[in-house]
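Scroll down for the structure; my scribbles are underneath it.
The values are calculated or read from the model by the stated rules, or taken from the named source; none is laboratory data. Everything numeric in this text was worked out from a predicted model, so none of it was measured. Please note: Cβ atoms are built from the backbone with ideal geometry, for glycine as well, and neighbour counts cover all protein chains shown. To get the accessible areas, we keep the full protein, side chains included, count just its heavy atoms, and leave off ligands, DNA and RNA. Shrake-Rupley method; radii C 1.70, N 1.55, O 1.52, S 1.80 Å.
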Amino acid sequence: MSKQTRIRRTTVPQIAARKGGEPIVSLTSYHAHTAAIVDRHVDFILVGDSLGMVMHGMESTVGVPLDLMIMHGKAVVRGTKKALVVVDMPFGTYEESPAMAFRNAAKIMKETQCGAVKLEGGARMAETIRFLTERGIPVMAHIGLTPQSSHVMGGFKTQGRDEETWALHEADAKAVSDAGAFAVVLEGMVEPLAAKITRQIPIPTIGIGASVECDGQILVLEDMLGLNEWTPKFVKVYGQLGPMIEQAVEAYAKDVRTRSFPTEDEVYR
């Protein structure tokens, strides 16, 4: 009997080595069944704290608790075999101190068996990123439009429209790279700034609303599948599952009300 070829997960070093090479493909996922589908086509899956808004109807990501991230992270890891799984650290679980961040990051990794964590913030989080990476926790950074800071930013605003702010974003990118992050998400950032940062730092940049100039791309799965009534400008909708689901539910409801379901095919005799 021939032995089955073992599927090996993509690793953090493999993602880091893709700098300037074949573009890195990523999507979010929050549950096992969608993760199993996504797993066949992407390099890494992000269990994003966007699940608070997408799955639980929250107005922002600020209210997402750690236990919720862990629960969804476990589901995604169970549903996948190939992709690196990265889990977001939610608001309030890492900002206070590097030691606090380590305790919560270690809890995420131990309980979910994910391969890395992601946290928001540039230069202000460099000390924490260094503290985590020196202790064996791989970190993906996130700069530009950082949703957890939307209240401070005054909403979800595109970053870099004023060229005078570019130096701050460039400093953030350099700081997280120097601190040991293996990749950095650039969100909601004007194209020339994203391109400049991508050229300046030695780690891969993952764009979401930051142009094709980045080393890879990520989107929220539900956005690109057309499950939300509204999507940001930077989202290309690759499917229209929202209307399809509604049509299917409408047809089911009609069949039940007219006693057309279940039929002889769906009944045990």
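The single condition from (1) touching a helix residue (DSSP H, G or I) at 6+ places or on another chain (Cβ under 8 Å); (2) over 30 Å from Leu193 (Cβ atoms); (3) surrounded by fewer than 23 Cβ atoms within 10 Å (Cβ to Cβ) that Phe131 fails is (2). Might you let me know whether the range 189-202 holds any residue that is open to solvent by less than 100 Å² (accessible area, probe 1.4 Å), under 29 Å from the mean Cα position of the chain (by Cα) and in contact (Cβ under 8 Å) with a residue 60 or more places away in the chain? Checked against the condition, which is being open to solvent by less than 100 Å² (accessible area, probe 1.4 Å), under 29 Å from the mean Cα position of the chain (by Cα) and in contact (Cβ under 8 Å) with a residue 60 or more places away in the chain, the range 189-202 yields at least one hit. Given (1) in contact with a strand residue (DSSP E or B) (Cβ under 8 Å, 6 or more places away or on another chain); (2) in a loop (DSSP other than H, G, I, E, B); (3) among the charged types (D, E, K, R), identify the lone condition not met by Asp172. Failing condition for Asp172: (2). On the basis of being in contact (Cβ under 8 Å) with a residue 24 or more places away in the chain and either on the phi < 0 side of the Ramachandran plot or surrounded by fewer than 22 Cβ atoms within 10 Å (Cβ to Cβ) (or both), does Lys174 make the cut? The answer is yes for Lys174. Which condition number in (1) modelled with pLDDT under 95; (2) farther than 29 Å from His31 by Cα is the one that Trp166 fails? Trp166 satisfies every listed condition except (1).
When the range 175-195 is filtered for residues that are in a helix (DSSP H, G or I), among the aliphatic types (A, V, I, L, M) and within 20 Å of Val212 (Cβ to Cβ), the ones remaining, listed by number, are Leu193, Ala194, Ala195. Restricting attention to the range 134-157, the residues being in contact with a helix residue (DSSP H, G or I) (Cβ under 8 Å, 6 or more places away or on another chain) and either at pLDDT below 95 or open to solvent by less than 50 Å² (accessible area, probe 1.4 Å) (or both) number 9. Among the residues in the range 254-269, are any of a type in the set (Gly, Ala, Ser), part of a helix (DSSP H, G or I) and farther than 28 Å from Ala35 by Cβ? The answer is no, given that none of the residues of the range 254-269 is of a type in the set (Gly, Ala, Ser), part of a helix (DSSP H, G or I) and farther than 28 Å from Ala35 by Cβ.
For the range 238-253: of the residues being farther than 20 Å from Leu221 by Cα and of a type in the set (A, V, I, L, M, F, W, C), which is most open to solvent (accessible area, probe 1.4 Å)? Step by step, filter the range 238-253, then rank; the result is Val249. Exactly one residue among Leu132, Leu119 is hydrophobic (A, V, I, L, M, F, W, C) and assigned to a strand (DSSP E or B), and that residue is Leu119. Could you tell me whether any residue of the range 92-107 is touching a residue at least 40 places away in the same chain (Cβ under 8 Å) and β-branched (Val, Ile, Thr)? No. Consider the range 117-128 and keep the residues that are over 19 Å from the mean Cα position of the chain (by Cα) and crowded, with 20+ Cβ neighbours inside 10 Å. The one that is farthest from Ile208 (Cα to Cα) is Thr128. Comparison of Val86, Val77, Val38, Val25 shows that the only residue that is in contact with a Leu (Cβ under 6 Å, 6 or more places away or on another chain), modelled with pLDDT of 95 or more, over 16 Å from Pro138 (Cα atoms) and not polar (S, T, N, Q) is Val38. Could you say whether any residue in the range 207-217 is under 26 Å from Val139 (Cβ atoms), touching a strand residue (DSSP E or B) at 6+ places or on another chain (Cβ under 9 Å), buried (at least 22 other Cβ atoms within 10 Å of the Cβ) and polar (S, T, N, Q)? There is no residue in the range 207-217 that is under 26 Å from Val139 (Cβ atoms), touching a strand residue (DSSP E or B) at 6+ places or on another chain (Cβ under 9 Å), buried (at least 22 other Cβ atoms within 10 Å of the Cβ) and polar (S, T, N, Q).
The single condition from (1) closer than 28 Å to Val42 by Cα; (2) open to solvent by less than 40 Å² (accessible area, probe 1.4 Å); (3) modelled with pLDDT under 95 that Gly160 fails is (1).
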